[in-house]
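Have a look at the structure below before the remarks.
All of the numbers you see were taken from the coordinates with simple rules; none came from a lab. Predicted model, so just to flag it, every value in this text is computed and none were measured. Ideal geometry is used to build each Cβ from the backbone, glycine not excepted, and the neighbour counts take in all protein chains shown.
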Amino acid sequence: MINQDKFQKPYNPQEIENSIYEKWLSSGYFNPDNYPENKIKKNKEGQEETFSIVMPPPNANGSLHAGHALFVTLQDILIRFNRMNGKRSLWIPGADHAGFETQVVYEKVLEKEGRSRFALSKEELYKEILDFTLSNKSYMEGQIRQLGASCDWSRELFTLDDRVIKTVYNTFEKLDKDKLLYRGKRIVNWCPKHQTSLSNLETNYIKRKDPFYYFKYGPFTIGTVRPETKFGDKYVVMHPDDERYKEYTHGQKITVEWINGPIEATIIKDKSVDPKFGSGVMTITPWHSTVDFDIAKQYDLDIEQIIDERGKLLPIANEFAGMSIKDARPKIVEKLDSKGLLIKVDNEYEHEVAVCYKCEREIEPQIKAQWFIKMKGLSDRAVKALDEKEFRILTEQHEKVFRHWMSNIQDWNISRQIVWGIPIPAKICIACDHGTVDLKDEITSCPVCSSEVKRDTDTFDTWFSSGQWPLVTTDYPNGSDFQKYYPTSVMETGADILFFWVARMIMLGLYLTDQAPFKDIYLHGLVRDAHGKKMSKSKGNVISPLEISEKYGTDALRMGLIVNNAPGVDMNLDPKKVEAYKKFANKIWNATRFVLERTLNYSSSLTYSQNITNSSDKKIYEESLAKIKEITSDIENYRLHLASEKIYDYFWHQFCDIHIENLKNRILNNEDKISAQATLLAILRNLIITLHPFMPFITEEIWESIKGENDDLLIITDWIN
RNA sequence: GGGAGAUUAGCUCAGUUGGUAGAGCAACUCGUUUACACCGAGAAGGUCAGAGGUUCGAGUCCUCUAUCUCCCACCA
């Protein structure tokens, strides 16, 4: 029976969205276990067809932003489409504790309250961040629901759940056994503010002009922007073929006057020095420079720490000890100048300095004992998998970037000196600093020197555990989901975390299962404001997807996010565009009302197309089916930006503007009326089905009024094929 | 230093395998005709950055130039 009362009022998304979502939830259809058996497609081998997506777990440390709204929309469209196409479709939601990211957010909270993380014990800090994260997590889940995500909440996983930790620990141990893990004293990117090491990906480079100083160093001239590191410089390096310095030999010792009096310097000849840069001579500071460290290691030179973890000079700096770099630099230059050792200053020197990607404080390279994963073999396997099409990257430009990064990969530092994360299960020798993997917490003495050991206090880089996300969410290695849904169908996420996350998931997935964790990779770009500007709080141009959704409706927001927004490229979100799709929702609503008013004598959907007898009606019906076929093919090939545009255009400018306009006169004038009515109803029904993945709320609401007696919810209704 | 990409209507962007350019917004004219003014009808707007080339045919493929954007990276 058709209920048309509700169509007397304009469409109001706020009134229906919550109840529709509740209806879906109580139907159980978000969970593929509840999929009606008779609808499931089987492949040639008689196996059920499945479709699966692992949701990139949003960081549980704030509200959802436009990027989240975009990925929810894209993934929900794919899931709904495949669900309607007879596949058991699983979308696994999650929440990310987001280690360093969240700790940084929480430190800002502390700062506002005038507190410091360093005044808290590790346990206290962990507890506070956990409470903060869990409350954000439930808030965030509500927002994902508001966006219409048809994910299976019964399978939701948090990145600190026991199942995750267990898998991560086993992987850590396996890497150790396979000799892909080592603990090494190496130069790491050290952030003096956050007091932790960072991976290369967590550093940015900013262009800066700094004074470049030339100093007299014995018979040589050396150049530097960092005089404060030069206290311990007792090696002077030049290219072996540099004619200017041929009188000096490798290993030769000379005495030079330096900052705090005369020192003995040793000549090193090494090809890494560029004779064309400056004077072609440099001194090295191995503790605080990667290049210098490599040279020092090669020739087995002494390595001395000059600057501590807080960015202050150590006792080696004599009268400057305890001073910060910033304060000390001009004073050191002054002293060198007064000793007649300053030759000149170039104030126009432009270079790039590494900074912490969160606080922009200059990275202070330090030598630290950290856990590293050898990446070369893992990356080779990933590239081979790509070559052999074990998975594909749908956007060509990203495939190129991926290959480039993979072939230049470096070992991965997975240790972080923060409390908010998964503790590294290892023991460290107090005497020799040797690290031993110890999942069961049973090792009490160092296997190398038998000395006492302590627990490693570091935690894993978040991305080490996230890198195993498709495994843990499908319950690797023995869960039935793992058998059924791994490898997943598609990984849809932001192009900005291609290296952070996608690359690591591929490498770890291949390492553990010999299968890439997903078949297709769909990457979306950044969501910018209406004029292509990056959204930022300071610019005040942040568009909250939840506000937009409340104002224009979730369906309109979803359309605004995807129509004509091509995969892989940055996209602009213009509220005016969303408004246009709010009008579209209203158009759909009114068109439905009109069609129902003129066709009330039809109540069973099954008879619709059978009553199309007029030959021109048949033709437009066939044309509508052809259009749907085209749209279907676009969705199957991830061209959602085209599919959404086509369904919009067809509904409005063909179905409404032309077909309804023409047929309504025939109905009024009683010319082949039944065929005209049947045509309108049949096309409307098919279009509502086709629109559903894009605009799930309004279509489900309309479906209630147009479905046949034997039809279930639209979410589970068969696609038009 | 290395890499990837962009340049199409006033603005923001589509254009899938090469076949005489499309959408939304803005602006213009007309229209309240009984689904819808959150509307309809109509008109306007582009030598597809520039120059060469391949082709019967190029926004689409190739080369170069200009401008812009992003990513990666241990040159003192």
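When the helices in chain A are scored as -39500 (n - 2.57) per DSSP H run of 4 or longer and the sum is shared across all residues, what 222 nm value do you end up with, to the nearest 500 deg cm²/dmol? Don't skip to the end; give the middle numbers.
Values: 21 runs with 274 residues, N = 721.
Here the helix-only value at 222 nm equals -12000 deg cm²/dmol.
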For A:Asp570, residues with placed amide H under 5 Å, excluding near neighbours: A:Leu526
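Averaged across orientations, what area in nm² does the convex hull of the alpha carbons in region A:76-149 project? Provide the component values of the computation, followed by the final result.
Values: hull surface 25.8 nm².
Result: a mean projected hull area of 6.4 nm².
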Pairs beyond 18 Å (Cα-Cα), from A:Lys9/A:Lys646; A:Lys551/A:Lys577; A:Lys389/A:Lys484; A:Lys551/A:Lys576: A:Lys9/A:Lys646; A:Lys389/A:Lys484
nm² value of the averaged projected area, convex hull over the Cα atoms of region A:428-468: 3.3 nm²
R0 of 51 Å, Cβ-Cβ distance A:Lys177-A:Lys276: FRET efficiency to nearest 0.05: 0.60
Contact order normalised by residue count of region A:655-721, Cα under 8 Å, 6+ apart, percent: 24 percent
Stokes-Einstein translational diffusion, region A:124-163 - Kirkwood Rh over all Cα pairs, 1.567 mPa s, 4 °C, in µm²/s: 112 µm²/s
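Could you work out the Kirkwood radius for region A:29-115, taking every pair of different alpha carbons, averaging 1/r and inverting it, reported in Å? Can you show the working numbers first?
Working: mean 1/r = 0.0644 Å⁻¹.
About 15.5 Å, per the Kirkwood formula over Cα pairs.
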Cα-centred dipole magnitude for region A:120-238, charges only on beta-carbon of K, R (+1) and D, E (-1), debye, nearest 20: 820 debye
Distance histogram in 5 Å bins (all Cα pairs of region A:604-721, percent per bin): 2, 11, 21, 23, 21, 14, 6, 1, 0
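In the P(r) worked out for region A:435-506, what percent of Cα pairs fall beyond 18 Å? Let's see the in-between values first.
Details: 1497 of 2556 pairs.
It works out to 59 percent of all Cα pairs.
I'm a student and want to see the number: the projected area of the Cα convex hull of region A:133-292, averaged over all directions, in nm².
Numbers: hull surface 67.0 nm².
Mean projected area of the Cα convex hull: 16.7 nm².
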Two-decimal ratio, region A:144-194, of alpha-carbon radius of gyration to 2.2 N^0.38 Å: 1.87
Inter-label distance for A:Val353 and A:Ser615, nm, one decimal - labels placed 7 Å from Cα along Cα-to-Cβ: 8.2 nm
Estimated inter-spin distance, A:Trp153 and A:Glu630, nm [label 7 Å along Cα→Cβ]: 4.0 nm
Partner aspartates and glutamates for A:Lys335 [C-alpha distance under 14 Å; skip if fewer than 8 residues away on the same chain]: A:Glu228, A:Glu257, A:Glu319, A:Asp327
Chain lengthening between A:Leu314 and A:Ile720 when straightened (0.36 nm per residue, less Cα-Cα): 138.8 nm
Three semi-axes of the equivalent ellipsoid, chain A, Cα gyration tensor, whole Å, largest first: 62, 27, 23
Per principal axis, descending, Cα span of region A:377-432 in whole Å: 49, 24, 19
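Computed over the Cα atoms, what is the radius of gyration of region A:94-220 divided by 2.2 N^0.38 Å, N being its residue count? Intermediate results must be reported in sequence, preceding the final value.
On the way: Rg = 21.3 Å, N = 127, 2.2 N^0.38 = 13.9 Å.
My calculation over the Cα atoms of region A:94-220 gives 1.53.
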Using distinct alpha-carbon pairs, which all enter the 1/r mean, Kirkwood radius of region A:68-112 in Å: 13.2 Å
Percent of alpha-carbon pairs separated by more than 24 Å within region A:283-384: 43 percent
For region A:285-331, fraction of C-alpha pairs farther apart than 17 Å, in %: 40 percent
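Based only on other Cβ atoms within 10 Å, what is the fewest-to-most ordering of A:Thr554, A:Thr290?
On the way: A:Thr554 28, A:Thr290 13.
Ascending Cβ contact count within 10 Å gives the list A:Thr290, A:Thr554.
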Förster-model FRET efficiency, 30 Å R0, A:Ser63 and A:Arg639, C-beta, rounded to 0.05: 0.50
Cross-link partners of A:Lys331 among lysines (Cα-Cα below 26 Å; sequence separation of 8 or more within a chain): A:Lys193, A:Lys207, A:Lys209, A:Lys216, A:Lys230, A:Lys234, A:Lys312, A:Lys339, A:Lys344
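Suppose a student asked you for the relative contact order of region A:194-346, using Cα pairs under 8 Å spaced at least 6 residues apart; what percent would you report?
Working: 236 pairs, mean separation 40.6, N = 153.
Relative contact order here is 27 percent.
Please rank A:Ser89, A:Ser338, fewest neighbouring Cβ atoms within 10 Å first, as an exposure proxy.
Going from sparsest to densest Cβ surroundings: A:Ser338, A:Ser89.
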Radius of gyration, Dmax [region A:625-686; alpha carbons; angstrom]: 13.9, 44
Overall dimensions of region A:165-239 by Cα: Rg and Dmax, Å: 19.9, 60
Simple label model, 7 Å out from Cα along Cβ direction - A:Val225 to A:Leu130, nm: 4.4 nm
Stretchable slack from A:Asp33 to A:Leu713, in nm (0.36 nm times residue separation minus alpha-carbon distance): 243.1 nm
Distance from region A:329-349 to region A:145-224 (C-alpha centre basis), Å: 35 Å
Per-pair calculated FRET efficiency, R0 = 22 Å: A:Leu668 and A:Lys9 via Cβ, rounded to 0.05: 0.35
Alpha-carbon gyration tensor eigenvalues x 5, square-rooted, for region A:532-644, Å: 37, 19, 9
Least to most buried among A:Trp371, A:Trp469 (fewest other Cβ within 10 Å first): A:Trp371, A:Trp469
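DSSP loop (so not H, G, I, E, B), at most 12 other Cβ within 10 Å: list which chymotrypsin sites (Phe, Trp or Tyr not before Pro) in region A:393-426 pass both filters.
Values: sites: A:Phe402, A:Trp405, A:Trp412, A:Trp420; in loops: A:Trp420.
Counting only loop positions with at most 12 other Cβ atoms within 10 Å, none of the chymotrypsin sites (Phe, Trp or Tyr not before Pro) in region A:393-426 qualifies.
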Potential lengthening between A:Lys166 and A:Glu442 on full extension [0.36 nm per residue; Cα-Cα distance subtracted]: 97.7 nm
Approximate shape of region A:226-355 as ellipsoid semi-axes (Cα gyration tensor, √5λ), whole Å, largest first: 24, 17, 16
Span from the region A:559-588 Cα centroid across to the region A:245-292 one, whole angstrom: 61 Å
